[in-house]
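K.L.:
Input: one structure, supplied below.
The values are calculated or read from the model by the stated rules, or taken from the named source; none is laboratory data. The shown structure was predicted, so the numbers you read here are calculated from the model rather than taken from an experiment. All Cβ positions, even for glycine, are placed from backbone atoms using ideal geometry, and neighbour counts span all protein chains on display. The accessibility values were calculated without ligands, DNA or RNA, using every heavy atom of the protein model including side chains. Shrake-Rupley method; radii C 1.70, N 1.55, O 1.52, S 1.80 Å.
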Amino acid sequence: MFQRLAVLATAVILVLAGVLLYLQLENNGREELPVNERLGGELVLTDHRGETFSTAELHGNVVLMFFGFTNCPDYCPATMARLAQAYQELEQAGEADRVDVVFVSFDPERDTPEHLREYLGWFHDDFIGLTGPVEEVEQAARQYGAVFMRQGADDAEEYDFAHSDYVYLIDDQGRVRKLFQANPEPEEVIADVRSLL
Amino acid sequence: MSVRCCNRSSFCTALMLWLLSGAAMAQVEIDEGWLRAVPPVSSSTAGYMTLHNRGEQAVVLTGFETDIAEAGEIHTWVDGDEGTRRMQRLTEVEIPAGGKVEFRSGGRHLMLFRLTGELEPGDTHELCFGFRDVESPVCADFAVRRGQ
Ligand SMILES: [Cu+2]
């Protein structure tokens, strides 16, 4: 009888220890994202409503930022669709109020504010579009280590850009915390955003 | 006997071509073809698929056409300077005998320039592919999807 009780007690203790260890791992398993000191900073550009917009207005929120152009038919819409999916899931969880998605276009010639509004609105009404004169967009890209180079015809139909394709995760103080490779998995984006909320 | 016949007769040549193209049509299979739904303001989009060659001879894809776009090109992504990537046009894609070639976001893809109408998710559009030395194109329906 006593032996059985001892076995039972041991089993209960082991299970409890396992649960505690699991919870501990759940909480601390995700290492805190490091601050990228090299990249980032405030951007002042024209938004999709045609108004001057400073990214400092976004402080307090976690920001997902992507440099691209709307005439980009493969990568950019794929990435925006993934960000839209992540954003919608955060929305359903009631967390989207503290998250912003910003698309910075380096193709102001074609991406007028109106064009940006229509393009981004199709993905999500909340998404913010930014652009400006080429020099200003170039400066913005430099700050974030984003690279774009206008391509000639290259035997293709229209002009195009060679470009880097990171998505920047920016914390509520405007600091870059992570660069996602193009086409990040929405689950990864959601988990990293949540770690900063 | 039939060889001698075909050396002489243009009818036989035509018949041979017809048979050959029939064979190519049967040996090429298009799987999971889809077109990316894009905002109505976008004038171009991309398409994806897997192209199977069930035959015993390699086939060479040379291009495609569709009513939904004024121009179609085959593209791939190549590394550019300073960590950039850029799209490059391919004028041919060989599918080895018994092999397959995948067209995926971030890799080889179909470009549809100057769309002639809106791409509504759920719609399907026919794309017709041309192959070297094959007279008739191989066509397949591509579904429009809000994809990633
Ligand atoms: Cu392309």
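K.L.:
Taking the condition of being within 13 Å of the ligand (Cβ to nearest atom) and of a type in the set (S, T, N, Q), how many residues in segment B:67-111 meet it?
P.N.:
Qualifying residue count, segment B:67-111: 3.
K.L.:
Further question on the same structure: Residues of segment A:68-93 being more than 16 Å from the ligand (Cβ to nearest atom), within 14 Å of chain B (Cβ to nearest Cβ) and over 11 Å from the mean Cα position of the chain (by Cα), which ones?
P.N.:
A:A81, A:Q85, A:Q88, A:E89
K.L.:
Tally up the residues in segment B:117-148 that are in a strand (DSSP E or B) and either under 23 Å from A:Y75 (Cβ atoms) or β-branched (V, I, T) (or both), please.
P.N.:
Number satisfying all stated conditions: 8.
K.L.:
What pairs come up if the first residue lies in segment B:117-133 and is over 25 Å from B:H52 (Cβ atoms), the second is open to solvent by 90 Å² or more (accessible area, probe 1.4 Å), and their beta carbons are under 7 Å apart, counting only those six or more places apart or on different chains?
P.N.:
Final answer for the pair search is B:P121/B:R145; B:P121/B:R146.
K.L.:
I would also like to ask the following. Which residue is farthest from the other protein chains (Cβ to nearest Cβ), if the candidates are limited to segment B:57-83 and must be over 19 Å from the mean Cα position of the chain (by Cα) and of a type outside the set (A, V, I, L, M, F, W, C)?
P.N.:
B:D79
K.L.:
Give just the number: which of (1) within 14 Å of chain A (Cβ to nearest Cβ); (2) modelled with pLDDT under 90; (3) open to solvent by less than 20 Å² (accessible area, probe 1.4 Å) does B:R86 not satisfy?
P.N.:
Checking B:R86 against (1) within 14 Å of chain A (Cβ to nearest Cβ); (2) modelled with pLDDT under 90; (3) open to solvent by less than 20 Å² (accessible area, probe 1.4 Å), the one that fails is (3).
K.L.:
Given the conditions (1) farther than 16 Å from B:Y48 by Cα; (2) within 14 Å of chain A (Cβ to nearest Cβ), and given that B:D133 satisfies all but one, which numbered condition is not satisfied?
P.N.:
(2)
K.L.:
Give the residue that is farthest from A:G41 (Cα to Cα), with candidates limited to residues of segment A:169-197 that are part of a strand (DSSP E or B) and open to solvent by less than 30 Å² (accessible area, probe 1.4 Å).
P.N.:
Going through the qualifying residues, I end up with A:F180.
K.L.:
Hey, does segment A:145-155 have a residue that's farther than 19 Å from B:R85 by Cα and either in contact with a Lys or Arg (Cβ under 8 Å, 6 or more places away or on another chain) or within 14 Å of chain B (Cβ to nearest Cβ) (or both)?
P.N.:
No, that holds for no residue.
K.L.:
Restricting attention to segment B:30-62, which residues are part of a strand (DSSP E or B), open to solvent by 20 Å² or more (accessible area, probe 1.4 Å) and within 16 Å of the ligand (Cβ to nearest atom)?
P.N.:
B:W34, the sole residue that qualifies.
K.L.:
Would you mind stating whether A:D111 is within 13 Å of chain B (Cβ to nearest Cβ), open to solvent by less than 30 Å² (accessible area, probe 1.4 Å) and among the acidic types (D, E)?
P.N.:
Here the answer is yes, as A:D111 does meet what is asked.
K.L.:
Oh, and also: When you go through A:L116, A:L83 one by one, which is the residue that is more than 19 Å from A:D192 (Cβ to Cβ), crowded, with 23+ Cβ neighbours inside 10 Å and touching a residue at least 60 places away in the same chain (Cβ under 8 Å)?
P.N.:
One residue alone meets the criteria, A:L116.
K.L.:
Of the numbered conditions (1) assigned to a loop (DSSP other than H, G, I, E, B); (2) more than 7 Å from chain A (Cβ to nearest Cβ); (3) more than 15 Å from the chain's Cα centre (by Cα); (4) within 14 Å of the ligand (Cβ to nearest atom), B:R114 satisfies every one except a single condition; which is it?
P.N.:
Only one criterion in (1) assigned to a loop (DSSP other than H, G, I, E, B); (2) more than 7 Å from chain A (Cβ to nearest Cβ); (3) more than 15 Å from the chain's Cα centre (by Cα); (4) within 14 Å of the ligand (Cβ to nearest atom) is unmet by B:R114, namely (1).
K.L.:
For A:T131, work out the one condition from (1) surrounded by fewer than 21 Cβ atoms within 10 Å (Cβ to Cβ); (2) touching a residue at least 24 places away in the same chain (Cβ under 8 Å); (3) under 18 Å from A:R49 (Cβ atoms) it doesn't fulfil.
P.N.:
(1)
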